[in-house]
Amino acid sequence: MMLHVDGDSVRELLDFKLGLRLSEEAFRLHSSNQVEQPLRTIVRGSDNELMGVMPAYIKSGRYQGFGLKSVVVRLGAEIRGPSHMGSVLIYDETGASPVAAVDAGAITEIRTAAASAYATSLLAVPNASRLAILGTGWQARSHLLAMQAVRPIKQLSIWGRTEAARQEFALWSKRYCDFPVTTHATVAEAVHDSDIICTTTAARSPILTRTDLPAHCHVNAIGSSALGFQELHEDVYEHSALFTDCNRSVLTSAECVIKAVQKGLLPAQEVGTEIGTLPANRARVDERSVSIFKSVGLAVQDLVFSREAIRRQLSTCFWHP
């Protein structure tokens with residue numbers, strides 16, 4: 001019998017404090033060439049759905065081994081519940097079945113927000129307290145919780161495409177924070193004077209431009225991880241410091257970065273600084289007043305988070321094949 005860790009269990013087993021450590025581990029493994037990880041394979045369905053397949057092998061360390069993530073992503077206003085559905089398959093985990101499965105939707109939700117939190121811990125000013133979230137879905141919610149784990153958030157601004165979505169997210173947010181929550185009909189209003197901005201949408205054309213950005217802020221851009229989607233206008237990279245989860249993946253999958261390179265706003269080689277190359281105790285060097293963490297998601301993150309979830313599941317219950 002195959003061991004399966006479902007979504008609810010994943011959310012109980014992995015919190016954002018642990019997620020920071022796991023994110024650091026995954027990014028350092030990647031940037032130190034300890035992962036065999038091809039670019040993801042994308043299979044397109046209808047206009048609003050696609051399948052991603054992401055295999056990897058971690059060569060060393062406590063998370064060594066093979067794994068494979070297969071996930072179907074469905075986007076659009078009519079979608080209710082998680083947009084990501086699938087499994088992360090983990091091979092040869094001691095004490096588990098030869099192949100163990102972990103809910104890919106929950107892993108994606110947690111590891112993506114944890115990556116943004118890790119980047120924020122390194123790149124946002126220590127007293128950053130004004131948070132703007134663009135988008136109102138599951139990633140928006142997980143990012144609210146993740147940002148509170150790394151910075152003293154005192155104010156939340158929300159933007160979404162509809163008033164109903166904005167109000168629903170605001171109502172949910174007030175159960176998880178004790179500071180003011182405001183909703184805005186425009187992106188410019190939502191990000192005005194924000195210290196941290198998280199973009200978590202399925203936008204097909206840019207929603208955030210350079211003129212919208214405050215003079216000093218940190219941006220976590222996670223919503224556009226495949227061609228055909230774009231949250232940031234390419235002009236945001238002019239005079240900004242770009243950090244990535246993986247330069248090669250971002251140059252392949254992030255339209256905003258690809259267009260910025262084509263326009264000469266970013267170099268074609270070493271387009272950004274990979275987050276896994278930064279020291280963990282790095283203090284922000286404010287050479288440029290806007291920092292951007294552009295992530296598209298890596299299989300090594302899924303493997304590290306999934307293997308940790310399996311181990312914690314095994315330690316809390318009796319399981320046998």
- Does the stretch 229-251 contain at least one residue that is surrounded by 15 or more Cβ atoms within 10 Å (Cβ to Cβ), in a helix (DSSP H, G or I), of a type in the set (Val, Ile, Thr) and under 18 Å from the mean Cα position of the chain (by Cα)? yes
- Item | Residue satisfying all of: in the stretch 1-13; in contact with an Asp or Glu (Cβ under 7 Å, 6 or more places away or on another chain) and either open to solvent by 20 Å² or more (accessible area, probe 1.4 Å) or not in a helix (DSSP H, G or I) (or both); nearest to GLU109 (Cα to Cα) among these | ASP6
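Specify which of the listed residues (ALA203, ALA190, ALA226) is open to solvent by less than 40 Å² (accessible area, probe 1.4 Å) and not in a loop (DSSP other than H, G, I, E, B). Let's see the steps before the verdict.
Numbers: ALA203 fails: not in a loop (DSSP other than H, G, I, E, B); ALA226 fails: not in a loop (DSSP other than H, G, I, E, B).
Selected residue: ALA190, the only one of ALA203, ALA190, ALA226 that is open to solvent by less than 40 Å² (accessible area, probe 1.4 Å) and not in a loop (DSSP other than H, G, I, E, B).
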- Task: Restricting attention to the stretch 75-94, report how many residues are modelled with pLDDT under 90 and either touching a Gly at 6+ places or on another chain (Cβ under 8 Å) or surrounded by fewer than 18 Cβ atoms within 10 Å (Cβ to Cβ) (or both).
- Result: 10
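Among the residues of the stretch 213-223, which ones are within 24 Å of ARG141 (Cβ to Cβ) and surrounded by fewer than 22 Cβ atoms within 10 Å (Cβ to Cβ)?
To start, the set of residues in the stretch 213-223 that are within 24 Å of ARG141 (Cβ to Cβ) comprises 213-214, 217-223.
Passing the criteria: only PRO214.
For the stretch 175-187, indicate whether the set of residues that are under 26 Å from LEU50 (Cβ atoms) and open to solvent by less than 50 Å² (accessible area, probe 1.4 Å) is non-empty.
First pass over the stretch 175-187, keeping only residues under 26 Å from LEU50 (Cβ atoms): 187.
Within this subset, residues satisfying the condition of being open to solvent by less than 50 Å² (accessible area, probe 1.4 Å) are 187.
The answer is yes, given that some residue of the stretch 175-187 is under 26 Å from LEU50 (Cβ atoms) and open to solvent by less than 50 Å² (accessible area, probe 1.4 Å).
Every residue in the stretch 119-134 that is farther than 15 Å from GLY276 by Cβ, outside any loop (DSSP other than H, G, I, E, B) and either open to solvent by 10 Å² or more (accessible area, probe 1.4 Å) or free of Cβ contacts under 8 Å to residues at least 12 places away in the same chain (or both), please. Break it down stepwise before answering.
Taking the stretch 119-134 first, the residues farther than 15 Å from GLY276 by Cβ are 120, 124-134.
From the residues that got through so far, the ones that are outside any loop (DSSP other than H, G, I, E, B) too are 120, 130-134.
ARG130, the sole residue that qualifies.
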- Task: Output the residue which, of all residues in the stretch 252-272 that are surrounded by fewer than 18 Cβ atoms within 10 Å (Cβ to Cβ) and among the charged types (D, E, K, R), is modelled with the highest pLDDT.
- Result: LYS263
- What number of residues within the stretch 95-108 satisfy the criterion of being surrounded by fewer than 24 Cβ atoms within 10 Å (Cβ to Cβ) and on the phi < 0 side of the Ramachandran plot? 6
- Query: Which one of the conditions (1) under 24 Å from SER157 (Cβ atoms); (2) more than 18 Å from the chain's Cα centre (by Cα); (3) not β-branched (Val, Ile, Thr) does LYS259 fail to meet, given that it meets all the rest?
  - Reply: (1)
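So that you can scan it fast, the table gives a plain yes or no per residue for (1) within 17 Å of LEU144 (Cα to Cα); (2) modelled with pLDDT of 95 or more:
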| site | (1), (2) |
| --- | --- |
| TRP159 | yes, yes |
| SER173 | yes, yes |
| THR182 | yes, yes |
| ASP212 | no, yes |
| CYS217 | yes, yes |
| ASN220 | yes, yes |
| SER224 | no, no |
| LEU227 | no, no |
| VAL236 | no, yes |
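Just give me the residues in the stretch 146-164 being free of Cβ contacts under 8 Å to residues at least 24 places away in the same chain and either part of a strand (DSSP E or B) or of a type outside the set (D, E, K, R) (or both), in sequence order.
Of all residues in the stretch 146-164, those free of Cβ contacts under 8 Å to residues at least 24 places away in the same chain come to 163-164.
Within the stretch 146-164, ALA164 is the sole residue that qualifies.
The values are calculated or read from the model by the stated rules, or taken from the named source; none is laboratory data. Here the structure is a predicted model, which means the values were calculated and not measured. With ideal geometry, Cβ positions are generated from the backbone for all residues, glycine too; neighbour counts draw on all protein chains shown. SASA here: full protein model, heavy atoms, side chains in, ligands and nucleic acids out. Shrake-Rupley method; radii C 1.70, N 1.55, O 1.52, S 1.80 Å.
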